[in-house]
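S.K.: Have a look at the structure that comes next, please.
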Amino acid sequence: MTALGPLMVDVAGLSLTPAESVRLQNPAVGGVILFARNFESTAQLTELTQAIRALRHPHLLIAVDQEGGRVQRFRTDGFVHLPPMGRLGELFQKDRQAGLLAAKSLGWLMATQLRMAGVDLSFAPVLDLQRGVSGVIGDRAFARDPAAIIALSIAWTLGMKDAGMAAVGKHFPGHGSIAEDSHIAHPVDPRSLATIEREDLRPFLALIERYIPALMLAHVVYPQIDDKPAGFSNVWVNTLLRQRWNYQGALFTDDLTMTAASTVGDITARVDAALSAGCDMALICNHPEWADEVLAHRKFNPDPLREVRLTHLIGHGFVPSPNRFMHDPRTIEAKLWAERLKDDRAGTNAGWFLNEE
């Protein structure tokens, strides 16, 4: 039995290459993140996840960004096109109960369809505020009002939980109030901790109180708190998250190949800094040569707490057959919500990251 290591990497295509199989068996690797380039059909995706699972025991965490709207990697061959979370916020504003029902229903649908294909984890929900400032967040966020985000995200995560999938709230401690996109720039939020706590942090703290199983940290610098981006900051991770707010769930970095992470150094320095700060898993996407560089130069000591946190994120419980899923009343209800909230604009104004293959 091989423990889950602290690195999450990706694969190039629709099936594993021999080199990828070797890389994924390295004990420092603990997970695989999939993209649109890894999807051709549900049958092909299932074969890919089965091949990944067969490499290790416990099997590697298999993750994807399947929020809905602009950020939904799998959209065809039976995968329901989910509305952006902002549409749920609009519905909630008009009819609170309908918004909550739709959020829980669509959270269940998203998670169930992924688990049927062998995917453990979707990096969702987005807990950032929609303040009309951040183009990279935009309608990926539920709403502007923290109270609305809290209510909708609780409903969404309950739907995921019913499907046997852990939720990952992002991007802690909040990316929605900064205009710069951390994929291509170096975002800085000059506000004080007290101000951020009153606004952007409220959804995260509410979900922490209810024990959301995992969080993803933002590559944003908050200079009044620390001079490092949050995912590399001992202040944010240990002093605040682990000690002040007593958070015991898993912590993921955002993609360490993003521009905003480059302030820390090369890829090895970024991984070292994130893990030293207290993150459990570091993401290296779209640069397999960088992943190999880290694997060649670093050995990671076992960490029982990290291993427990990550193992708890593996999908669990009942997975329906395609026929049972098709006729499940919850499926019918969720598809009706998706159709009602359909946004034909989704994907038409997305940056390179959001269209990333």
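Every read-out reported here was derived from the displayed coordinates using simple, explicitly stated rules and does not represent laboratory data. As the structure is a prediction and not an experimental result, all values here were calculated from the model. Cβ coordinates were reconstructed from backbone atoms using ideal geometry, including for glycine residues, and neighbour counts include every protein chain displayed.
S.K.: Rounded to the nearest 500 deg cm²/dmol, what is the calculated helix-only ellipticity per residue at 222 nm for the chain, with -39500 (n - 2.57) per DSSP H run of length n ≥ 4?
M.R.: Working: 12 runs with 129 residues, N = 357.
After summing the helix terms and dividing by residue count, I get -11000 deg cm²/dmol.
S.K.: Please state, as a whole number in µm²/s, the translational diffusion coefficient that the Stokes-Einstein equation yields for the chain at 4 °C and 1.567 mPa s, with Rh defined as the Kirkwood radius across alpha carbon pairs. Can you show the working numbers first?
M.R.: Working: Rh = 20.1 Å.
My calculation gives 64 µm²/s for D.
S.K.: Under 19 Å Cα-Cα from K335, which lysines qualify once same-chain neighbours fewer than 8 residues away are excluded?
M.R.: Partners within reach: K104, K161.
S.K.: Here's something else I'd like to know. For the chain, what are the DSSP H helices with axial Cα length of 18 Å or more and mean Kyte-Doolittle hydropathy of at least -0.5?
M.R.: 96-116, 146-162
S.K.: Taking a ≥ b ≥ c as the square roots of the eigenvalues of the Cα gyration tensor of segment 87-133, is the shape rounded (a/c under 1.5), prolate (a/b larger than b/c) or oblate? Show your work: numbers first, answer last.
M.R.: On the way: a/c = 4.07, a/b = 1.55, b/c = 2.62.
Oblate is the answer for segment 87-133, as a/c is 1.5 or above yet b/c matches or exceeds a/b.
S.K.: Which residues in segment 281-312 have a backbone N closer than 17 Å to a point placed 7 Å from the Cα of R242 along the Cα-to-Cβ line?
M.R.: Answer for segment 281-312: 281-282, 300-311.
S.K.: Now for a different question. Determine the dipole magnitude for the chain: charges of +1 sit on the beta-carbon of Lys and Arg, -1 on that of Asp and Glu, nothing else is charged, the reference point is the Cα centre, and the result goes in debye to the nearest 20. Walk me through the intermediate numbers first.
M.R.: On the way: 35 positive and 40 negative charges, 191 e Å.
Result for the chain is approximately 920 debye, rounded to the nearest 20.
S.K.: Then there's this: Counting other beta carbons within 10 Å of each Cβ, put E40, E339 in order, fewest first. Don't jump to the answer; show the numbers that get you there.
M.R.: Values: E40 16, E339 11.
Ordered from fewest to most neighbouring Cβ atoms within 10 Å, E40, E339 come out as E339, E40.
S.K.: With both partners inside segment 1-120, how many of the DSSP beta bridges are antiparallel, as a percent to the nearest 5? Mind showing how you got there, number by number?
M.R.: On the way: 2 of 10 bridges.
Taking every DSSP beta bridge with both residues in segment 1-120, the antiparallel ones total about 20 percent.
S.K.: Something else now. Please report how far the C-alpha centroid of segment 121-153 lies from that of segment 241-284, rounded to the nearest whole angstrom.
M.R.: Segment 121-153 and segment 241-284 have Cα centres separated by 21 Å.
S.K.: Continuing with the same structure: Only counting other Cβ atoms within 10 Å, I'd like M85, M116, M216, M281 sorted with the fewest neighbours first.
M.R.: Values: M85 30, M116 19, M216 23, M281 26.
Fewest-to-most ranking of M85, M116, M216, M281: M116, M216, M281, M85.
S.K.: Among S233, S15, S321, S105, what is the fewest-to-most ranking by other Cβ atoms within 10 Å?
M.R.: On the way: S233 25, S15 13, S321 8, S105 22.
Final ranking by Cβ density, sparse to dense: S321, S15, S105, S233.
S.K.: Any of K170/K299; K94/K342; K228/K299 with alpha carbons more than 22 Å apart? Name them for me. Write down the numbers at each step before the final one.
M.R.: On the way: K170/K299 28 Å; K94/K342 16 Å; K228/K299 24 Å.
Cα-Cα > 22 Å for K170/K299; K228/K299; rest within.
S.K.: Would you work out if segment 211-257 is rounded, prolate or oblate? Take a ≥ b ≥ c from the square roots of the eigenvalues of the alpha-carbon gyration tensor; rounded if a/c is under 1.5, else prolate when a/b is larger than b/c, oblate otherwise. Intermediate values should be presented prior to the final figure.
M.R.: Numbers: a/c = 2.64, a/b = 1.20, b/c = 2.21.
The shape class here is oblate.
S.K.: State, to one decimal in nm, how far the label point of E209 lies from the label point of L305, with both points 7 Å from Cα in the Cβ direction.
M.R.: Rounded to a tenth, the inter-label distance reads 2.4 nm.
S.K.: In segment 222-311, which chymotrypsin sites (Phe, Trp or Tyr not before Pro) are in a loop and have at most 14 other Cβ atoms within 10 Å, using DSSP for the loop call? Let's see the in-between values first.
M.R.: Values: sites: F232, W236, W245, Y247, F252, W290, F300; in loops: W245, Y247, F300.
Answer in residue order: W245.
S.K.: Tell me, what is the FRET efficiency for Q93 and V188 to the nearest 0.05, using R0 = 35 angstrom and their Cβ-Cβ distance as r?
M.R.: Values: r = 31 Å, r/R0 = 0.88.
Here the calculated transfer efficiency is 0.70.
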